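The values are calculated or read from the model by the stated rules, or taken from the named source; none is laboratory data. In this text, all values refer to a predicted model and were calculated from it rather than measured experimentally. Quick reminder, even Gly has a Cβ in these numbers, built from the backbone with ideal geometry, and neighbours come from all protein chains shown. These area figures cover heavy atoms from the full protein model, side chains too; ligands, DNA and RNA do not enter into them. Shrake-Rupley method; radii C 1.70, N 1.55, O 1.52, S 1.80 Å.
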Amino acid sequence: MPETPDQTPDFPTHFDFATAESALTKAWDENGIFRARPERTKALGGTRESFTVLIPPPNVTAVLHVGHGLNNTVQDVLIRWRRMAGDEALWLPGTDHAGIATQNVVEKIIAKEGKTRFDLGREAFVKRTEQFVEETGGVILHQLKSIGASADFSRTAYTLTPELSLAVREAFVRLWEKDLVYRGHRVIHWCPRCLTSLSDEEAEFHDSEGALHYVRYALADDPSQGITIATTRPETILADVAIAVHPDDERYAALVGKQVLLPLTGIKMPVIADDYVEKDFGTGALKITPAHDANDFEVGKRHKLEMPVVIDPSGKMGEVVNAAGRVPAEFMGLDRFDARKKIVKALEASGALVKIEKHANSIRRCYRCDTVVEPRLSDQWFVRMAPLAAPALEAVKDGTVRLLPEKWEKVYINWLDGIRDWNISRQLWWGHRVPVFTCELGHALAYREDPSVCAHAAGGSPCGAKIVSQDPDVLDTWFSSWLWPISTMGWPNENAKDLKAFFPSDVLVTAPEILFFWVARMIMSGYEFLGRAPFHTVYLHGTVRDMQHRKMSKSLGNGIDPLDVVERYGADALRWTLIQGMGLGVDVMLDPNDLDKSFAPGRNFATKLWNIGRFLLIQVGEEPIGRFADSDASTLRLEDRWILGRLDAAIAECDAALGPARPTAANWPENERQSGMRLDAYAEAARRFVWNELADWYVEAVKPRLAQPGADRETARRVLVHVFDQGLRLLHPIMPFVTESLWQRLPAQASGQFLALAPWPQQRAAGADAGVAFDAVREAIDAIRGLRAEYGVQPGSPIKAFVSRGAASSAEMDALIASQALVSRLARCELSTDAAPSGAAAHAVLASKLELTLPLAGMVDLGKEKARLNAEVENLSKQLDALRGRLSNEKFTAKAPPAVVEAERAKEQEWAARVSQMQQKISELGS
RNA sequence: GGGCGAAUAGCUCAGUUGGUUAGAGCACCUGCCUUACACGCAGGGUGUCGGGGGUUCGAGUCCCUCUUCGCCCACCA
């Protein structure tokens, strides 16, 4: 960095973000400006709309990664925007107890002590986990503060607090009472490592390269005959109870009803016919293993087959249930994958193995530990989803809830249409215990409070028998998450202030990965328990990826630590980079190996903004400044009116990009359904105003006025401070720290005021003078600069230009004349209204139809200039021909809208004029 | 297997109901320490809008088809 001789001591050239961030975080916190007050909402007699965002609760043991950074920055941008726009804004933070995940962490810790959870026992293990959460949990919420999150931390929620646990229990009992919870005996997904069942969503598909093993089963009464099946899981052969073929399959028709011998054990079993079998797959014959495959289970039920279990909960072979004599000693106790290898060998040795083929298939893995899930026959609690899904489906179809980007609506509808029941019980210890209690007589019921006697009412009078046990399972962690929008607001107390003031919430910001896990279920719970959707907009953002488009993850080592970025470049740089790079639902690409480059946009802009402020505040000085609103419009100069017009345009663009904060009707009207939430467009509109318009043009234009005391200086100061103030407001939701720091230094800023609470900018009334004639000045400067660069005119050397009005308006001509000094400074060009001298070395350019003629004798290569003009004439003539062809086409003039035809005609005039002008120049050059 | 989406500049993406010579940011190239900022200033577009066909006065935009890629779901033994 070059030396900067005139560093102002209290105004360095670079923003000291570290100091400012900690000071502002503290000041915002101490002044309670992120605290939402229910009594100020319309619902409770106040004047404000409520605007509520609920954090997707991170795992209580999580530490901040860049995905959280993105997710929470989006939420913060929205909440800061609405807070400034006058809503009573509530961003409700909190964490999730994360059943399996947290239990896994603690199990790992005690494993280092050589213990398992069973050594500790349930009570001690839960205590140990609570203690662990108390000591290390919630770190992520503190980390969120360092990226500027303006959440209301006084309301921090946690899914395992007594209040939220009450909601969980109430929800369970209500579903129980409506017979929407039931006990199911079926094959579910089982994680042999976590030792628990999983929901369909928690057992994730992964492609794998498997093998199809063709195994021959000999007929019992004639071993020379047999039937060959194909299986990917030869180890489950030990639990086979039948061979199934399709009823219409002629190849096997004669075998149906006969007995075959199970290889290795010689157990007899029947050949059955069932529609489920596909004739064309494999050999068309299928082994049936009801306890270890969900489909086989259904077949087994239909045919009333036995259901022997040969794999124990930890994935080891054994005669677990109904399986006496099924597992030969040599396989006993082997892990299922070791057993597979050995069994294949044994099959080969016995001659039963026909062949092995490669086979691509998908296997399910535990979403928490990646272990291959084992289908397992067991008893679990299920929620009937069809009745819950119906209103949630309707809500999206009728526009009560919109999903952005739109494509997810179709995915959502497709999933809900075929929804399956939800397994909510987990064989874990960490979580909400299933509130089902059983009495001595075996009556199992759900209770709101722990009972001492049975409430089962048989013939009118309660059973009254002693309660002997509570269901040992806990509930799926998502069973508390799905209540988040209502439980955090005080439900089941329907009179809770927060519930009245802030429910339903507004925008849910999350990743598409948990659309079914969480979002869809929240919509269901909203309808089920409060009769309405819990939010009207679901914003599904993209994923942060590396340069190879890989998701950032710990295991790949390609992650970016947001706190590292904050430390290096500041929170604003992090936030800006994420937001400006993020189209709606589009992934953000960052290079973890080059943070300098990745976060340059944010770092550069924060510094630029700081320097605009630095210059402006030093120039404007400390003296009091009049309110802009009190200004006399007649004192405004052209560039003042222009920048005010640009400000209006910027406000309009930002508002349009952000869109309506809420639907203007009960449902989203068609024209609003996909509007807004374009945060990158909003960022770009605000950036362009402050950088490319305010800094690049207005500040340059106003410099001389600031140096000369007088009324005009006051006007300039006033406008300058006003537009900068407004620009800071537009940028504050994305870059809260640098904007707040600068805003508080604005002259005559009352102390104790915060930009975070300053009103969102409003456009001036329609019809306000936008100073558009200034554009002619800018175009003239651009044109002259372009010419200078093109011909390599020495940067310092001044040139002269003769201006004539051409086809421009007199206002444009006046503007240019009045801005001579500016043109001279920025383009190093003296303007003259004298008639342009005719001569060879003159070059004409147009700016808003003003004609600028620059004599460039001695500065330009005439041959090059002539060639350039010729090329341009040729190009334009071609375009002109095409245009004339179109205009002479009767179909075009007849069918195209008149406005389009009119525009094309005007264009023709202009191009023709330009062509002839250039041709004249060419002939002059030639002479 | 079912559903959905994408293909536009070197990269990431805009491009509203078809209508100026297709845009932005980043990257890149050229020239500048013009005393707010070199994390800056000025200038520069580098494109058969994936291929082919069709509708239309007019197609990046609508239709068909092919190719490639991605996402969601699924009872792919």
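Worth a mention:
- Close pairs from region A:84-105: first part of a strand (DSSP E or B), partner open to solvent by less than 10 Å² (accessible area, probe 1.4 Å) and among the acidic types (Asp, Glu), Cβ under 7 Å, at least 6 apart: A:Leu90/A:Asp152; A:Trp91/A:Asp152; A:Leu92/A:Asp152
- Residue satisfying all of: in region A:579-595; surrounded by 15 or more Cβ atoms within 10 Å (Cβ to Cβ) and away from RNA strand B (no atom under 12 Å from the Cβ); nearest to A:Tyr682 (Cα to Cα) among these: A:Leu595
- Meets criteria (of a type in the set (Val, Ile, Thr) and within 12 Å of RNA strand B (Cβ to nearest atom)) for A:Val566: no
- Highlighted here are the helices (runs of 4 or more DSSP H) found entirely within region A:492-602 that include at least 1 residues which are within 15 Å of the chain's Cα centre (by Cα) and not polar (S, T, N, Q): A:571-580.
- Within region A:513-537, residues that are within 16 Å of RNA strand B (Cβ to nearest atom) sit with their Cβ atoms under 7 Å from residues that are among the charged types (D, E, K, R), at 6+ positions apart or across chains, in these pairs: A:Phe516/A:Glu201; A:Phe517/A:Glu201.
- Restricting A:Leu261, A:Leu305, A:Leu255 to residues that are closer than 22 Å to A:Arg336 by Cβ and away from RNA strand B (no atom under 12 Å from the Cβ) narrows the list to A:Leu305.
- Once region A:882-907 is narrowed to residues that are within 44 Å of the chain's Cα centre (by Cα) and part of a loop (DSSP other than H, G, I, E, B), the residue that is nearest to RNA strand B (Cβ to nearest atom) is A:Ala896.
- Of the residues A:Leu826, A:Leu730, the single one that is of a type outside the set (Asp, Glu) and either open to solvent by less than 20 Å² (accessible area, probe 1.4 Å) or in a strand (DSSP E or B) (or both) is A:Leu730.
- Test: A:Trp697 is more than 11 Å from RNA strand B (Cβ to nearest atom), crowded, with 17+ Cβ neighbours inside 10 Å and touching a residue at least 40 places away in the same chain (Cβ under 8 Å): no
- If only residues of region A:386-423 that are β-branched (Val, Ile, Thr) and more than 16 Å from RNA strand B (Cβ to nearest atom) are counted, the one that is surrounded by the fewest Cβ atoms within 10 Å (Cβ to Cβ) is A:Thr400.
- Within region A:680-715, the set of residues being more than 30 Å from A:Arg80 (Cβ to Cβ) and part of a helix (DSSP H, G or I) comprises A:Glu700, A:Ala701, A:Lys703, A:Pro704, A:Arg705, A:Leu706, A:Ala707, A:Ala711, A:Asp712, A:Arg713, A:Glu714, A:Thr715.
- Residues of region A:116-137 that turn out to be more than 25 Å from A:Pro58 (Cβ to Cβ) and loosely packed, with under 15 Cβ neighbours inside 10 Å, as a count: 7
- Restricting A:Arg48, A:Arg80, A:Arg35 to those that are touching a residue at least 24 places away in the same chain (Cβ under 8 Å), basic (Lys, Arg) and under 30 Å from A:Pro592 (Cβ atoms) reduces the list to A:Arg80.
- If only residues of region A:1-21 that are of a type in the set (Val, Ile, Thr) and more than 40 Å from the chain's Cα centre (by Cα) are counted, the one that is modelled with the lowest pLDDT is A:Thr4.
- Every residue from region A:464-490 that is part of a loop (DSSP other than H, G, I, E, B), buried (at least 17 other Cβ atoms within 10 Å of the Cβ) and touching a Leu at 6+ places or on another chain (Cβ under 7 Å): A:Thr488, A:Met489, A:Gly490
- The condition (being at pLDDT 90 or above, open to solvent by 60 Å² or more (accessible area, probe 1.4 Å) and of a type in the set (S, T, N, Q)) is satisfied by just one residue among A:Ser154, A:Ser150: A:Ser154.
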